[in-house]
Amino acid sequence: DRAEAVAVLTQALASGREPLASRIAICRTLGVLGAPEARPALLKLVEDEDPLVRSAACRALGRVGAPDDAALLARVMTTDQSRDCRVAAIESIGQLKARDPRVLDRLVEGMKNPDPSIRLASYDA
């Protein structure tokens, strides 16, 4: 059952012993499951040391997060060193349908970014 799967996956993440590939796969799976109870685990992984995990967590958060999470994603959008993380955060902001004017201002600024992938993601969001 879905709730049990989410509990097992979030517990595995909380253990801190999962290798890189597992953390990425768990993030993706939690996003596909669309379980809001996975949100706290994903919020932690947005800060993971590995950009692949951060990207996967941002994308999953777009599927299970709350509109308030857009502020965190906007910070990732502007400060993360990884382009994929920034794009993932922007895409997730769009999925969350945030209405915070500060977040919307960041998306407008993203449309002026010199990186075409950031501009496109900002426009789409």
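Before moving on, here are some points about what is shown:
- Residue-averaged 222 nm ellipticity for the chain, from DSSP H runs of 4+ at -39500 (n - 2.57), nearest 500: -22500 deg cm²/dmol
- Of [x] 1.19; [y] 1.39; [z] 1.02, the label for Cα Rg over 2.2 N^0.38 Å derived from the coordinates: [z]
- Between 0 and 90°, nearest 10: helix 2-15 axis offset from the chain longest Cα axis: 80
- If R0 is taken as 30 Å, the Cβ-Cβ distance between E47 and D1 corresponds to a FRET efficiency of 0.50.
- 3J(HN,Hα) along segment 66-77, derived from phi through the Karplus expression 6.51 cos²θ - 1.76 cosθ + 1.60 where θ = phi - 60°, amounts to 9, x, 5, 5, 4, 5, 5, 5, 5, 5, 4, 4 Hz, with x in place of Gly and Pro.
- Candidates per trypsin sites (Lys or Arg not before Pro) in segment 1-110, loop by DSSP, up to 12 other Cβ within 10 Å: R17, K97, R99
- What the chain shows is 55 Å² of accessible area per residue, with the surface traced by a 1.4 Å probe over protein heavy atoms.
- Averaging the Cα positions of each part gives two centres, and for segment 88-125 and segment 1-66 these lie 22 Å apart.
- FRET efficiency, R102 to A66 (Cβ-Cβ, R0 22 Å, nearest 0.05): 0.85
- Rounded if a/c under 1.5, otherwise prolate or oblate - segment 42-97, Cα gyration tensor axes: prolate
- Candidates per GluC sites (Glu not before Pro) in segment 43-125, loop by DSSP, up to 12 other Cβ within 10 Å: E47, E49
- Per-residue HN-Hα couplings for segment 48-59 [Karplus 6.51, -1.76, 1.60; θ = phi - 60°; Hz; x = Gly/Pro]: 4, 5, 9, x, 5, 5, 4, 4, 5, 5, 4, 5
The values are calculated or read from the model by the stated rules, or taken from the named source; none is laboratory data. Only a predicted model underlies this, so the values are computations on that prediction, with no experimental measurement involved. When we count neighbours, we look across all protein chains shown, and the Cβ atoms used for this are built from the backbone with ideal geometry, even at glycine. Just the protein is used for accessible areas: all its heavy atoms, side chains included, with ligands, DNA and RNA removed. Shrake-Rupley method; radii C 1.70, N 1.55, O 1.52, S 1.80 Å.
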